[in-house]
1. Looking at the stretch 132-179, which of its residues are modelled with pLDDT under 95 and within 19 Å of the chain's Cα centre (by Cα)?
2. Just checking, does the stretch 123-131 include any residue being more than 29 Å from TYR307 (Cβ to Cβ), modelled with pLDDT of 95 or more and in contact with a Gly (Cβ under 7 Å, 6 or more places away or on another chain)?
3. Somewhere in the stretch 298-309, is a residue under 26 Å from LEU221 (Cβ atoms) and at pLDDT 95 or above?
4. What are the residues in the stretch 38-74 that are out of contact with any strand residue (DSSP E or B) (no Cβ under 9 Å at 6 or more places or on another chain) and either closer than 30 Å to TYR307 by Cα or surrounded by 17 or more Cβ atoms within 10 Å (Cβ to Cβ) (or both), if any?
5. Identify the residue in the stretch 198-224 that is open to solvent by 20 Å² or more (accessible area, probe 1.4 Å), touching a Pro at 6+ places or on another chain (Cβ under 9 Å) and modelled with pLDDT of 95 or more and, among all such residues, is nearest to PRO34 (Cα to Cα).
6. If you scan the stretch 158-187, which residues turn out to be surrounded by 17 or more Cβ atoms within 10 Å (Cβ to Cβ) and either among the aromatic types (Phe, Trp, Tyr) or under 29 Å from LYS274 (Cβ atoms) (or both)?
7. What pairs come up if the first residue lies in the stretch 32-56 and is β-branched (Val, Ile, Thr), the second is part of a loop (DSSP other than H, G, I, E, B) and surrounded by 12 or more Cβ atoms within 10 Å (Cβ to Cβ), and their beta carbons are under 8 Å apart, counting only those six or more places apart or on different chains?
8. Please go through the stretch 295-353 and give me each residue that is assigned to a loop (DSSP other than H, G, I, E, B), of a type in the set (D, E, K, R), touching a residue at least 40 places away in the same chain (Cβ under 8 Å) and more than 14 Å from ILE53 (Cβ to Cβ), ordered by number.
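The values are calculated or read from the model by the stated rules, or taken from the named source; none is laboratory data. Keep in mind it's a predicted model, so treat the numbers as computed, not measured. Cβ: placed from backbone, ideal geometry, glycine included. Neighbour counts: every protein chain shown. Accessible surface is based on the protein model in full, side chains and every heavy atom, while ligands, DNA and RNA are left aside. Shrake-Rupley method; radii C 1.70, N 1.55, O 1.52, S 1.80 Å.
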Amino acid sequence: MKLIKVTLGSIATLVIAFLFFLGWSTINDYDPQPQITLTKQNAPALKKDTFSILIWNIGYAGLGDNMDFFYDGGEQMRTSKNRTDKNFQNILKELKKTPQPDFLLLQEVDIDSKRSYHQNQVERIKSEIHSHNWYFTHNYLVDFVPMPLGNPLGKVESGIMSGSLHSPSSATRYSYKGNFDWPKSVFMLDRCFLSLTYPLSSGDTLFIVNTHNTAYDEGALREKQMQQLKTWITKRNNGQNKIIVAGDWNQLPPEVKIDEFGKNPQSKKYSPKKIPQEFLPEGWQFIFDPHTPTNRGLDTVYHSNSYETLIDFFAISPGIKPIEIKTKDLGFINSDHQPVYLKFTFVHQKQNAQ
């Protein structure tokens with residue numbers, strides 16, 4: 001009888017502790033405003049017509065070719081500190097290559113996370129690539145992620161980061177609406193996109209948008225986010241403004257087959273989705289390098305039969321003409337994503353006769 005009482009008491013203590021932890025986590029859940037202005041300033045108009053842009057989900061320098069990841073069906077929570085440091089050094093070398101792109105749009109950049117050994121990657125990037133104006137916003141801020149049991153992910157502080165050789169008139173964070181059901185939502189990302197705004201000498205406006213959309217849902221969250229994004233770009237798509245949306249969409253462009261790059265069309269816990277053909281407004285187009293995958297599955301370490309796909313790319317408005325598009329094939333050595341480079345120019349459209 002005494003043993004039963006001790007056992008029941010232990011179970012009750014664990015349940016109470018878990019409920020306390022869940023309540024504490026819920027109260028402290030990161031809940032950003034729908035719109036946050038990071039900067040607003042007078043900025044000179046951009047006078048040139050040709051620009052370059054590089055997008056890259058750097059995977060917090062912790063998802064190199066030696067890693068699988070528990071959330072994708074793998075077993076590991078993080079790689080070694082030495083490998084994380086090595087990955088990040090190589091990522092920095094790639095980002096610092098000259099000539100520097102006008103715009104650098106990065107995803108999964110950590111500030112203070114257990115998974116990346118509490119490296120402040122934002123400050124390192126700012127200090128080593130000081131040619132750019134940098135803007136960072138959180139999309140993952142959780143004091144303690146309890147999964148996986150036995151070796152929890154712990155603290156995560158991370159986000160997306162946009163760098164620019166030119167001073168924007170504003171930098172604004174827009175929250176994507178919706179999340180997973182409670183309590184899962186407490187420990188997941190709060191997705192967003194980050195828009196940099198530039199006046200042009202023509203009197204028009206250029207918007208450079210950095211996005212990192214949801215993964216792992218059945219599709220409803222991604223669809224909700226895409227509708228919100230479409231509303232946002234449609235509101236600003238007046239026929240003269242120039243808009244580029246780019247980053248990690250966690251979806252394929254309509255033109256790319258799900259099994260385009262390999263025999264394994266999905267990893268254990270990630271089912272790829274395609275953006276509907278009718279998503280873009282009239283005159284818009286998706287721009288990507290059709291020859292090279294941008295992402296690989298993390299259900300296993302990287303090998304010849306790993307799942308590979310194309311989920312990092314650009315959507316461009318009328319008035320923008322691509323000159324060069326190329327995915328840099330780095331062999332997924334330092335990140336589970338590969339950088340994608342775009343060079344573009346403006347096509348000035350005539351105003352409709354009044």
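1. Those that are modelled with pLDDT under 95 and within 19 Å of the chain's Cα centre (by Cα): LYS177, GLY178, ASN179.
2. Yes, the conditions are met somewhere in the stretch 123-131.
3. No, the stretch 298-309 contains no residue that is under 26 Å from LEU221 (Cβ atoms) and at pLDDT 95 or above.
4. Matches in the stretch 38-74: GLY64, ASN66, MET67, ASP68, PHE69, PHE70, TYR71, ASP72, GLY73, GLY74.
5. For the stretch 198-224, the residue satisfying everything is THR205.
6. SER158, GLY159, ILE160, MET161, SER162, THR172, ARG173, TYR174, SER175, TYR176, ASN179, PHE187
7. Close Cβ pairs (under 8 Å, with a partner that is part of a loop (DSSP other than H, G, I, E, B) and surrounded by 12 or more Cβ atoms within 10 Å (Cβ to Cβ)) amount to THR39/PRO168; ILE53/PRO101; ILE53/ASP102; ILE55/PRO339.
8. Across the stretch 295-353, the qualifying residues are ASP299, ASP336.
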